[in-house]
Amino acid sequence: MKKRILALLMTSVLTLQLAGCTAGTDEPTVGAETQSSIKDLFNSAKENRGDAQEASGTQDTTEQETDAEDAEVRYQDDYYEFVNQNLLSKIELAATDAHWDWFGELNAVVSSEMEDIIDDLANDGKTYEKGSSEQKIKDMYECVTNMENREETGLGPLKPHMDSIRNASSIDEYVDALAHLSGEFGFSSIVGGYNIMQDKTDSSEYAVYMMYADTLIGKEYVEGGNTQEYMDLYLDYICDMLMEFGMTADEAAQSTDSIEGLLRDICASTLSTEQLYDPAITYNVYTAKDLQALYTNIDVPRMLRTLRIDGQDKYIVMDVEQAKKINSLLTEENLQALKDYSTFVMLNDTAKYANANYAKLSDDMRNALYGITESWGDEKTWKNLTQDMLPWDFGMIYVEEHFSAEDKEAVEEMIGQILEEYETIINRQEWMSDETKKKAVRKLETMQVKIGYPDRWPAARDMMQVTPVSEGGSLLSNLLVSMQVAIEDSLNKLGTKVDRSEWDVTPQTINAMYDPLNNEIIFPAAILQAPFYDRDNSYGANLGGIGFVIAHEVSHAFDSSGALYDEYGNYNVWWTEEELAEYQKMSESIVDYYSEYEMMGVKVNGDLTLMENIADLGAMTCITSIIGDDAKALDEAFGQMTYNWASEDTASFMMYLLNTDTHSPNKVRVNAVLSSCDAFYRIYDIQETDGMYVAPEDRVGIWK
């Protein structure tokens, strides 16, 4: 489900590439309480990985064959299953969970640590200084848990804004209502949404990006041939939300039909997810006059003034065809349907912050989409929501209690080695000219590295203040304050130079990122722990763990999207036409290669996953190049990487990933990469009759 509540705070989908398989901010994870303990899982998986290594690379051939016959799965046929079978046999998804992987497991551990902080503050009977993290967390938790207050509040703080939409008697009044909502809080439904982020052609400056419409469940589900049962569930959800809002059953059903009609019409003209990563498609410069020509059915200068973004030299329209479609729909005959559409978007965006009925409807829909059969209990839901509302305050506490400077230094050293090796890889590419190689190496040399946490905490942390229930605050009113903070923080940046030292990612995030607009790789504090990094692991294992993640992020600087940005983070095609043609040819081979893999009988979308697949393939080339011919270290690296990507999913959640995630499913990420890695064949003697075998001429990758 696509959320755009904090439209001005979120980083654009085009900005960050992630190593982990988090498909969105709402992705469910297995909580620590659903497993005996993370340590037990960890040790069990390590034992199995050790067995796999012993069977597959460090024995003589006779012993390998004997052990392989005894195993449920041969490593020669399915390396992922062979390494992870013991671990996965111990993973039983609870009724509350749709997905398990190490990212989610560690996230649950971090969340549990933050929950302890909430418990201590909630029960200590103390009063804290206004504006302190302790005060904000304590009072926010009380707002979240006070269901009587949430029931009394209802949609109260939103009612005047909702009324402005519902009472609009013309398209002009409707658009004006949307502009006020977006300008004050960042709500975006049909038109008027915007984001302020770095200008893609001059990343030292900020620019205004006009956002596309909210496509609710998403284009992939609306148009997918194998997703219409989920679409039907979502339409029922829309109808239920509208009835909760106060419509009769007949009114809600009629409005739902109208919303569906608009949604399908909008999605038909909306870019696909993979297209959204292509700046050649999404970076479209318009003046205010051009915008008026694009949106002929509205008063654009008035809208820009209301949004407080008038007077700019340029505005970037990310999805031009969708904008044209929206304009065609902004007619008086569609007015009621448009009002219903925007009403539902607001209800959907605020549901989990409202009363119990709205929150339950939203939770039930999310569960149905992901194949979850039981909701989290109130306490866990409340504590997660508290953490979501104050991410940087929790981040400060996390760093103080859990960050290791020693681990940071070790990882920094590994990053330097990987960057150096990538320079060697680039310089050996025969299809690249010397001049282009120099530019690529320059991009490596200027790549900024962020590890742990920011030197200076974001201004939004101090700007965000929490009003307790005792002073008239509520969860919903504090949500609106946080949205206003995001708007003001964003507008304050417009017209200033970009501060590249700023962080958009909290230190407690279990992930890693590459940002093409800053040409930087980011490793938050929380990912510098086992299984991704363990100071007690061998060098080969750590290269297969955090090393693979690092090399993956570096590879994003040269994937099918990242390669279009120069060392300064500017969209600037620095390749020759011949090189681009060769790059495209290799990319098509990667698309075709991955499209042959399938999960649950559904083919992987090679186009959707191209960037991530390029990064995975490049990462494996890098770490195996560093290791060289050390069979033991290669064995450890392959096993650790495979073990790190172990995962379990409900069928519904796997369908969600296949339709929306830019990463291939974890099993494919392992087997497809290893089957295209020459070093894998050298140490395991994979033969043509084996399931993992791919002929040398069919092995793919940009960076070999």
Check your understanding: Near residue 126, which aspartates and glutamates are there with a Cα under 19 Å away, not counting those fewer than 8 places off in the same chain?
Key -> 115, 116, 134, 139, 142, 393, 471
Review point. Of 200/437; 159/352; 219/339; 325/443, which ones are farther than 28 Å apart at the Cα?
Key: 325/443
Point to revise | Relative contact order (percent, whole number), the chain, Cα cutoff 8 Å, 6+ residue spacing | key: 21
Practice item. Could you pull out every one of the aspartates and glutamates with an alpha carbon less than 14 Å from that of residue 314, ignoring same-chain neighbours closer than 8 positions? Key: 199, 202, 205, 290
Practice item. Grab the Cα-Cα distance for residue 497 and residue 600, subtract it from 0.36 nm times how many residues apart they are, and report the gain in nm with one decimal. Key: 32.2 nm
Practice item. Amide H neighbours of residue 565 under 5 Å, at least 5 residues apart or on other chains, H built in the peptide plane: list them. Key: 572
Exercise for review: Over segment 236-291, give the accessible area per residue in Å² for a 1.4 Å probe, as an integer.
Suggested key: 44
Study note, to complete from the structure: Expressed as a percent, the accessible surface of segment 548-605 that is carbon or sulfur, using a 1.4 Å probe and the full set of protein chains, is 49
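For segment 361-495, what is the accessible area per residue in Å² when the probe is 1.4 Å?
Accessible surface, normalised per residue, equals 45 Å².
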Study note, to complete from the structure: For segment 569-678, the dipole about the Cα centre with charges only on Cβ (Lys and Arg +1, Asp and Glu -1), to the nearest 20 debye, works out at 320
Review point. Using the beta-carbon distance between residue 173 and residue 251 and R0 = 25 Å, what value does 1/(1 + (r/R0)^6) give for FRET efficiency, to the nearest 0.05?
Key: 0.75
Review point. What accessible area per residue, rounded to a whole number of Å², is obtained for segment 548-704 using a probe radius of 1.4 Å?
Key: 32
Check your understanding: Antiparallel DSSP bridges in the chain: what percent, to the nearest 5?
Key -> 70
**Study point:** Between helix 38-56 and the chain: long-axis angle, C-alpha atoms, 0 to 90°, nearest 10
**Key:** 40
Review point. Under a straight-distance cross-link criterion of Cα-Cα below 30 Å, which lysines are reachable from residue 90, leaving out those fewer than 8 residues away in the same chain?
Key: 39, 46, 380, 383, 603, 632, 667
Exercise for review: For segment 646-704, give the percent of accessible area contributed by carbon and sulfur heavy atoms, probe 1.4 Å, rounded to a whole number.
Suggested key: 42
Point to revise | segment 654-671 versus segment 305-319: alpha-carbon centroid distance in Å | key: 36
Revision key, fill the gap. Any trypsin sites (Lys or Arg not before Pro) in segment 380-470 that lie in a DSSP loop and have at most 16 other Cβ atoms within 10 Å would be 428, 456
Study note, to complete from the structure: The alpha-carbon center of segment 248-304 and that of segment 475-530 are separated, in whole Å, by 27
Review point. Which whole-Hz couplings ³J(HN,Hα) result when phi for each residue of segment 695-704 is put into the Karplus expression 6.51 cos²θ - 1.76 cosθ + 1.60, θ = phi - 60°, listed in order with x for Gly and Pro?
Key: 4, x, 6, 9, 6, 10, x, 7, 10, 10
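The values are calculated or read from the model by the stated rules, or taken from the named source; none is laboratory data. None of these values were measured; they are calculated from a predicted model. With ideal geometry, Cβ positions are generated from the backbone for all residues, glycine too; neighbour counts draw on all protein chains shown. Just the protein is used for accessible areas: all its heavy atoms, side chains included, with ligands, DNA and RNA removed. Shrake-Rupley method; radii C 1.70, N 1.55, O 1.52, S 1.80 Å.
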